[in-house]
Structures are given as C-alpha cells and as structure tokens.
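*Asks:* Could you have a look at this structure, given as structure tokens, before my questions?
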There are 2 protein chains.
Amino acid sequence: MPLFDDVEQFVKGANRATDINELSGLLNGAVETFGFDHVALVHHVNLHAPDAATQALQYITYPDALRAEMKARRQLGDDPVLIAVQRSASAFLWSDLPQIIDMNPRRTEILNAAMACGISDGFTVPVNVPGEFLGSCSFALRAGREVKRAMLPAAQYVGCFAFEAVRRIRQLGDTIRVKEAKPALTTRQYDCLVLAAQGRSDWHIAQLLGISRETVHQHIETAKRRYQVASRTQLVVRALFDSQITFADVLGPQLSPD
Amino acid sequence: MPLFDDVEQFVKGANRATDINELSGLLNGAVETFGFDHVALVHHVNLHAPDAATQALQYITYPDALRAEMKARRQLGDDPVLIAVQRSASAFLWSDLPQIIDMNPRRTEILNAAMACGISDGFTVPVNVPGEFLGSCSFALRAGREVKRAMLPAAQYVGCFAFEAVRRIRQLGDTIRVKEAKPALTTRQYDCLVLAAQGRSDWHIAQLLGISRETVHQHIETAKRRYQVASRTQLVVRALFDSQITFADVLGPQLSPD
DNA sequence: CGACCTATCCCCCGATTGGGGGAATGGCCG
DNA sequence: CGGCCATTCCCCCAATCGGGGGATAGGTCG
C-alpha cells in the first residue's frame, strides 16, 4: 500500500523534525503526493494582534496574489473557511462549505476572491486543542485540477500530525496549556457559571438556585480564581472555549427565561 | 483501493443516517474492516450538568468487564485516554500515551485495568468543536491482536465523520446555523466588542483605542441594543456564537496583555 | 482526631456597568 | 439640501461586580 507508506513516512519524519523548516519540507512533499498544489498550516490568531508574528504559526504556500489578498483583508473572522473550522468536527472540502455554514454575500465574496487567484478547491482539516489556539491545515488545488477524494483520509491524517509536530517543536503544549489546564469546577460553581454565562446577575442566580446572593458571589469568585481570570466575561469565554460549558447550556434556556 | 472504498462508503452512509442506531451499525462494520474489535463513541460530558445522561452520547462496545470497570470508577477525569484527548491535536495509540501525557501511577493503573479486561491496545481520535463538547472515538483491540498501522488514517477519518454524523442527527450544530438576522456592527463597535470580550473595562478599552471612556460605553451600549441583550456577557456570548468575533480574536491576544 | 474541601451565609467598599439624557462632527445618499 | 448614520464627547445615578474580610456546617481522607 504505497499511499500508507507515504503517510507513515510523513508522520515519522514530522515526529522527528526539530524546526519548522524541516517540517514544511516534509509537508510540501506530502502535498504533492496527495495531489494538491498549496498548503496552509496556520494558527487562527488575529493578524493585527500585537504578537501575532511571534506567537502564531503561518506557514502558507498559496499563490502570492491570494496571500496578498488575505493580508489586505483585516477582518480574519469573516473568512468562511476559518469559521467552518470552528463549527465542524471533521475535515471539509471548500466546495462543501454551504453545507456547514451559512454563506452570506461577504463570505461568498471572500471564497470567490480565492478562486480568482487561481484556486479551484481546497480541503481543510480543523485542528482544535481545547485551551490552545485554533488551527487548521488546508490543502488547496490550483484551477483546472480536481480533488482526488481517495487522498482525503491521508491528507486529514497528515494535517493533524503536522500540527502535532508544530506543537511539539514550539512546545505549545508545555508553555500555554499546562499552566492553564482546564480547572475542575464543583457542581455548584458549574451551576452558577452557566447562569452567569446567560447574563444573569448574582441576585437572579441566587433566586434560581434558592441560595443567597453572597454564596453565588463566592462560587463565581472561586471559579474565576481557578481560571486565573479577573472578570466574569473572561470566565465565561474561557469556560465556553474549553467546553466546560457549551453554547447549548447558555443560549438554549434563553428563549424561556425563568 | 478497497480501503478507501470502505471509508467512502462509511462517510456516505453516516451522512445519510437518521438515528444513532443506524450510525452505530455502520460504525461496527467499520471497526471490523479496520481490524479492531471494539469501539467507543463518547461525549466527555461534564458530570455536573443536570441533563448529562440525556444529552451525552455514550455508544460503547467494550467488553462487559471493562464497561463495568469504567462505570465503577466514577472519576472520569482520571482516565489517561480522556486526558490525552484534551492534550493532543492528533489521534494516538494508547501504547503511545506516555509520550503525550505524564503517566502517574493512578493513570497507569487505569490503563492496566483495561488490559486486564482483555484489551491489548487502542486508538483514540479526539473530536473537539470549541463551545460544543469534547468528544472522542476510540477503537480497541482485544488481547493477542496487533494494530494494523495502515488502517489508522482510515480509522481517524471514520472517527471524525462518525462524530459529524452525531452532530447532525442530534442537531447540535443547528442552533448555530440558525440566523435570526445577525446584527451588523460598525468597525468601532467591533473593535470595542473584541476588547470587551477579552475582559477589559471600558476605561482600558478607551486607552487602547485612544478615545474617551464615554465613547466606548456608547459603542458597547449600541452593540447590546443591536443584539437586544442587556449585559456585556450576553453580548460577548452571542457575538462568539454567530462568529461576529472568534475565540482567536479573544483568546489569541490574551497571551500578550498590553 | 485534625486537615482539607465544599457549600452556605454575612459584612464592607471602591470600581464598573447599565441605562437615561443631550450634542457636535463628518460622510453618504437621494 | 435634509435626513440618516457613525463617531465622538459629556453628565448623572442606581445597580452590579470585584475583591477583601470572617463564620458555620458537613463530608472525606489519612
């Protein structure tokens, strides 16, 4: 099975790579093997964030025109591919985006801009490690070529392991994650957190749980200390991000306020 | 390429499945095809959540002894496989766990307990969608059999798409796609919103944008009115929910506080 | 048993938010 | 030109949050 040999070789090489250049060399080889033309291994940080350059990985071999277009567009959050990465559990073809997210005019326009730069389709692998950056590994195809669907499982596997190698090389797992490991919350802290995330005041939460306002205050303060954050907004965002609470918890009951 | 045909067939079937039983049937077929014996498709639910039992998916075909052992061990958080799911961007073999996380005695003991129940090794695919849930799809091998490494990319692909199918069947992602005319925000409102989502106060945001505290206040009040919400927490959750802002916007710059 | 954690309640006080009011500037569109 | 909107600034005040302090009761674990 030659395809698997390629995958195996990439994974072994990636696990041994000591810097990004070595990894990108391997990745370029894999891109060719799997019938793609370009690759983008990126962390989804805001490009105008102060330390984006040092913190974020941005290895992109898209055509120059497309890279310039991406750079010019400041609102990273409108890119349909990046939005889909946050909404999908599995990898996806760009041509399937309308099945994953709503394609409003702005998003369609951004996708068309990529097409105009000589891209026919792409395949993006979401790589989300709770508590770290969001990331993705995209493989793109130049105009006139067709996706080899048989290659997609291999491409997805390679994409994940490429990211794993980046994490190892950058020691992201050590520096970012370990210190801010998902804190354990008690049942009562969780109760208060969910209700606080719904935007309710300490007083209101106290009514709903049948306890005093001070106790609610205490639970939320403790939760904040566990997360090492200062504000209730930060607490909610962090808890949502690492799935301590979910959008279903927060927005579900919204329609039937007590 | 017969292996790919199997994968393709599973993905197509999974995308069409209308209930969990149908999906689990497909999954059982895939498990055999890829040379495994057992499968576990699970949500890593927060045990504090009141409706954990009804919300969480727990499809497990492990040997009875192992399932009993898992049930008896109430501290789900100590399971090394579940911990590794939160620490790894890629799928992993259970025999590789020591390379991913620290194996303290407690964790080693839990893994050994699985071995004692007739499992030789396993392969776990993490499935993380920010804000939704942590999940994983594990394939396990009974004692005396060896992992077919060539099958791993296919197994990983199948694991992801199995979860994607669960999301579709359970309509987990649907609420996200429901767009009640996402309010348009102006550039300045967006700027303030991102910084507010980072937990900064009006005063701090004013410093960063070089405008007065009252103006920031005004922008955020207007944004809240557009979203028809009363609190800043609700505003941030809703804006995250429909991708007006992203976790990358909010958590990315957090590492480099101004 | 004592140490430790959890859950509960109470006090205080400064900082921040929420929600009103009004007003000036400049750009865009019909 | 006259609306309409975005952006900016200002005042006020009640409600809420953030962060201290301390206290009691119950459970677990060594």
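The values are calculated or read from the model by the stated rules, or taken from the named source; none is laboratory data. Predicted, not measured: the structure shown is a model, and the values here were computed from it. Counting neighbours? That spans all protein chains shown, and the Cβs are built from the backbone with ideal geometry, glycine included.
*Asks:* So, in region A:186-219, exactly how many residues are more than 11 Å from chain B (Cβ to nearest Cβ) and aliphatic (A, V, I, L, M)?
*Replies:* The number of residues fulfilling the criteria is 6.
*Asks:* Sort out which residues of region A:186-223 are near DNA strand D (Cβ under 10 Å from one of its atoms) and β-branched (Val, Ile, Thr), and write them in order of number.
*Replies:* Within region A:186-223, A:Ile205, A:Thr215, A:Val216, A:Ile220 meet the criteria.
*Asks:* Could you check, for region A:33-52, whether at least one of its residues is modelled with pLDDT of 80 or more and either of a type in the set (Lys, Arg) or part of a helix (DSSP H, G or I) (or both)?
*Replies:* Yes, that holds for at least one residue.
*Asks:* Follow-up question, since we're still on this one. Check region B:145-159 and report whether any residue there is over 30 Å from A:Glu8 (Cα atoms), within 8 Å of chain A (Cβ to nearest Cβ) and modelled with pLDDT under 85.
*Replies:* Scanning region B:145-159 turns up no residue that is over 30 Å from A:Glu8 (Cα atoms), within 8 Å of chain A (Cβ to nearest Cβ) and modelled with pLDDT under 85.
*Asks:* Hey, another quick one. Yes or no: region A:183-203 includes at least one residue that is of a type in the set (Gly, Ala, Ser), within 23 Å of B:Val129 (Cβ to Cβ) and assigned to a helix (DSSP H, G or I).
*Replies:* yes
*Asks:* Of the conditions (1) surrounded by 19 or more Cβ atoms within 10 Å (Cβ to Cβ); (2) modelled with pLDDT under 90, A:Ala181 satisfies every one except a single condition; which number is it?
*Replies:* Exception for A:Ala181: condition (1).
*Asks:* What about B:Gly77, is it within 16 Å of the chain's Cα centre (by Cα), loosely packed, with under 13 Cβ neighbours inside 10 Å and modelled with pLDDT under 80?
*Replies:* For B:Gly77, the condition - within 16 Å of the chain's Cα centre (by Cα), loosely packed, with under 13 Cβ neighbours inside 10 Å and modelled with pLDDT under 80 - is met.
*Asks:* Whether any residue in region A:224-245 is more than 27 Å from the chain's Cα centre (by Cα), within 8 Å of DNA strand D (Cβ to nearest atom) and within 12 Å of another protein chain (Cβ to nearest Cβ) is what I want to check.
*Replies:* Checked against the condition, which is being more than 27 Å from the chain's Cα centre (by Cα), within 8 Å of DNA strand D (Cβ to nearest atom) and within 12 Å of another protein chain (Cβ to nearest Cβ), region A:224-245 yields no hits at all.
*Asks:* What's the total number of residues in region B:193-214 that are under 29 Å from the mean Cα position of the chain (by Cα) and hydrophobic (A, V, I, L, M, F, W, C)?
*Replies:* 5
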